[in-house]
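Student: I am attaching a structure below and will ask some questions about it afterwards.
The values are calculated or read from the model by the stated rules, or taken from the named source; none is laboratory data. Since this is a predicted model, take the numbers as computed values, not measurements. A quick note on method: Cβ atoms are made from the backbone with ideal geometry, for glycine too, and the neighbour counts reach across all protein chains shown. Just so you know, the surface numbers come from the protein's heavy atoms only, side chains and all, with ligands and any DNA or RNA stripped out. Shrake-Rupley method; radii C 1.70, N 1.55, O 1.52, S 1.80 Å.
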Amino acid sequence: MMKKVGFAVIGLGWFGEKHVHVLSELPGVELVAVCSRTEARAKEVASKYGAKKWYTNWEKTVRDPEVEAVSVVTHVPEHRDPVILAAEAGKHILLEKPIAGSLKEADEMIAATEKNKVHFMVGHILRFESRYAQAKQIIERGDIGKIVSIYARRNIPGGFAAPHLRYGSPILLDAIHDTDIILWYLKDNVKSVYATWLNVRGSPNPEITWTIYNFSKGTKGVCESLWFLPDNTAFAIDAKMEVLGTEGAVYIDCGDSGLEVNDKKGVKRHDTMHWPMIHGEIAGALKDEISYFVKCVMNDRKPSIVTPMEARHALEVVLAAEESAKTGKIITL
Ligand SMILES: NC(=O)c1ccc[n+]([C@@H]2O[C@H](COP(=O)([O-])OP(=O)(O)OC[C@H]3O[C@@H](n4cnc5c(N)ncnc54)[C@H](OP(=O)(O)O)[C@@H]3O)[C@@H](O)[C@H]2O)c1
């Protein structure tokens, strides 16, 4: 019989629960434990998804001998500590994006995972989304020639986004998705960045952000990331990418999910790509990302679709964009 990977999930907010849900359905995984500081939440999630144990302390979670790998789904200020403890306990780690809030923390995590020889992957989910992943293959084949311009959009309803503004700006938390994909497609470095933002509602971070990248080999890039769509918008996520090359172009449209429903509550485009429920189970990019990581752990293979250094690089670039938005200056990297 196939040996199962003993998994724990640390952080049980709305996204941590999605990780738990996916892991509870993967055949190669034993859901050993879930962890949240709030006991009632830890118990609730453990019983809903059949986790064997629950903890209110991440140290106990990573020290559990039945736990071989952890998903860290706490928010950005609580990424570093559980990752370092897990690495020191010899556990493999899937960490939600962004890797950290600072390069120092990212470097400390990378050093700890390398020193303790554990697999470490940051969940840059778009690398597993079928449209963005297929576009990468098309670009690699040279079908559109040399990329000269990239435009990315990632906009979400203001009401949904509001609580997340406590942890960072849409540049750090959302444009990092597109920035990572742009860097992946281009295999080039950002030479300079200019960003500008607007705080409309007095939120802890601005809701309106625009970022312009200049790449070393001349390509121009723009990321639009607005956490201000009206709450009754039809979009779940209004995301697009337009990649223009010397020989052609690639257009990705995730705003049109292909499933629009008009009912008593209004018109909504349902998620069909990130974590849709199909036949009672989660499908889509999140499942594909987690399954890939589980396979890497099972076969003791270093995750290569997204590496820790690439996650660090995306962070470096968005932090420079934030610096530009704060100072009004063009930042050279
Ligand atoms: N890839 C994607 O598309 C995507 C989408 C959404 C979010 N994310 C990422 O997922 C992460 C979590 O986001 P979220 O929105 O789910 O955050 P959240 O709702 O704030 O949840 C984080 C949870 O972590 C728990 N926590 C905090 N400190 C803890 C500790 N010391 N020990 C155990 N649990 C602790 C908190 O619960 P307690 O207070 O009970 O401890 C909280 O419920 C972020 O990094 C975010 O960027 C990624």
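Student: So which residues in segment 103-112 are surrounded by fewer than 24 Cβ atoms within 10 Å (Cβ to Cβ) and under 19 Å from the mean Cα position of the chain (by Cα)?
Tutor: L103, E105, D107, I110
Student: A further question on this structure: How many residues are more than 12 Å from the ligand (Cβ to nearest atom) and either acidic (D, E) or within 15 Å of the chain's Cα centre (by Cα) (or both) when one looks only at segment 1-22?
Tutor: Total meeting the criteria: 0.
Student: Of the residues A33, A100, A40, A51, only one is in a helix (DSSP H, G or I) and either within 14 Å of the ligand (Cβ to nearest atom) or buried (at least 21 other Cβ atoms within 10 Å of the Cβ) (or both); which?
Tutor: Working: A33 fails: in a helix (DSSP H, G or I); A100 fails: in a helix (DSSP H, G or I); A51 fails: in a helix (DSSP H, G or I).
One residue alone meets the criteria, A40.
Student: Select, from G11, G50, G28, G16, the only residue that is of a type outside the set (V, I, T), in contact with a Pro (Cβ under 9 Å, 6 or more places away or on another chain) and in contact (Cβ under 8 Å) with a residue 12 or more places away in the chain.
Tutor: Working: G50 fails: in contact with a Pro (Cβ under 9 Å, 6 or more places away or on another chain); G28 fails: in contact with a Pro (Cβ under 9 Å, 6 or more places away or on another chain); G16 fails: in contact with a Pro (Cβ under 9 Å, 6 or more places away or on another chain).
That would be G11, the only listed residue that is of a type outside the set (V, I, T), in contact with a Pro (Cβ under 9 Å, 6 or more places away or on another chain) and in contact (Cβ under 8 Å) with a residue 12 or more places away in the chain.
Student: Any residue at all in segment 308-319 that is among the aliphatic types (A, V, I, L, M), open to solvent by 20 Å² or more (accessible area, probe 1.4 Å) and within 19 Å of the chain's Cα centre (by Cα)?
Tutor: Checking segment 308-319: at least one residue is among the aliphatic types (A, V, I, L, M), open to solvent by 20 Å² or more (accessible area, probe 1.4 Å) and within 19 Å of the chain's Cα centre (by Cα).
Student: In this structure, is I252 outside the structural domain of I176 (by TED's automatic domain parsing), modelled with pLDDT of 95 or more and buried (at least 16 other Cβ atoms within 10 Å of the Cβ)? Give the derivation first.
Tutor: Values: outside the structural domain of I176 (by TED's automatic domain parsing): no; modelled with pLDDT of 95 or more: yes; buried (at least 16 other Cβ atoms within 10 Å of the Cβ): yes.
Taking the combined requirement at face value, the residue does not satisfy it.
Student: Would you be able to say whether some residue in segment 275-294 is of a type in the set (A, V, I, L, M, F, W, C), closer than 30 Å to A112 by Cα and touching an Asp or Glu at 6+ places or on another chain (Cβ under 8 Å)?
Tutor: Step one: of segment 275-294, the residues of a type in the set (A, V, I, L, M, F, W, C) are 275, 277-278, 282-283, 285-286, 290, 293-294.
Filter once more, so that each one left must be closer than 30 Å to A112 by Cα: 285-286, 290, 293-294.
Subsequent filtering for residues that are touching an Asp or Glu at 6+ places or on another chain (Cβ under 8 Å) retains 285.
Looking for residues that are of a type in the set (A, V, I, L, M, F, W, C), closer than 30 Å to A112 by Cα and touching an Asp or Glu at 6+ places or on another chain (Cβ under 8 Å), one finds at least one in segment 275-294, hence yes.
Each row is one residue, and each column tells you yes or no for (1) more than 27 Å from E25 (Cβ to Cβ); (2) out of contact with any Gly (no Cβ under 7 Å at 6 or more places or on another chain).
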| residue | (1), (2) |
| --- | --- |
| V267 | yes, yes |
| M273 | no, no |
| M277 | no, yes |
| G280 | no, yes |
| V294 | no, no |
| V306 | no, yes |
| H313 | yes, yes |
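Student: Kindly check whether there is at least one residue in segment 65-87 that is within 9 Å of the ligand (Cβ to nearest atom), in contact with a helix residue (DSSP H, G or I) (Cβ under 6 Å, 6 or more places away or on another chain) and either open to solvent by 20 Å² or more (accessible area, probe 1.4 Å) or of a type in the set (S, T, N, Q) (or both).
Tutor: Looking only at segment 65-87, we keep the residues that are within 9 Å of the ligand (Cβ to nearest atom), and these are 72-79, 81-82.
Narrowing further to those that are in contact with a helix residue (DSSP H, G or I) (Cβ under 6 Å, 6 or more places away or on another chain): 72-73, 82.
Those left that are additionally either open to solvent by 20 Å² or more (accessible area, probe 1.4 Å) or of a type in the set (S, T, N, Q) (or both): none.
Checked against the condition, which is being within 9 Å of the ligand (Cβ to nearest atom), in contact with a helix residue (DSSP H, G or I) (Cβ under 6 Å, 6 or more places away or on another chain) and either open to solvent by 20 Å² or more (accessible area, probe 1.4 Å) or of a type in the set (S, T, N, Q) (or both), segment 65-87 yields no hits at all.
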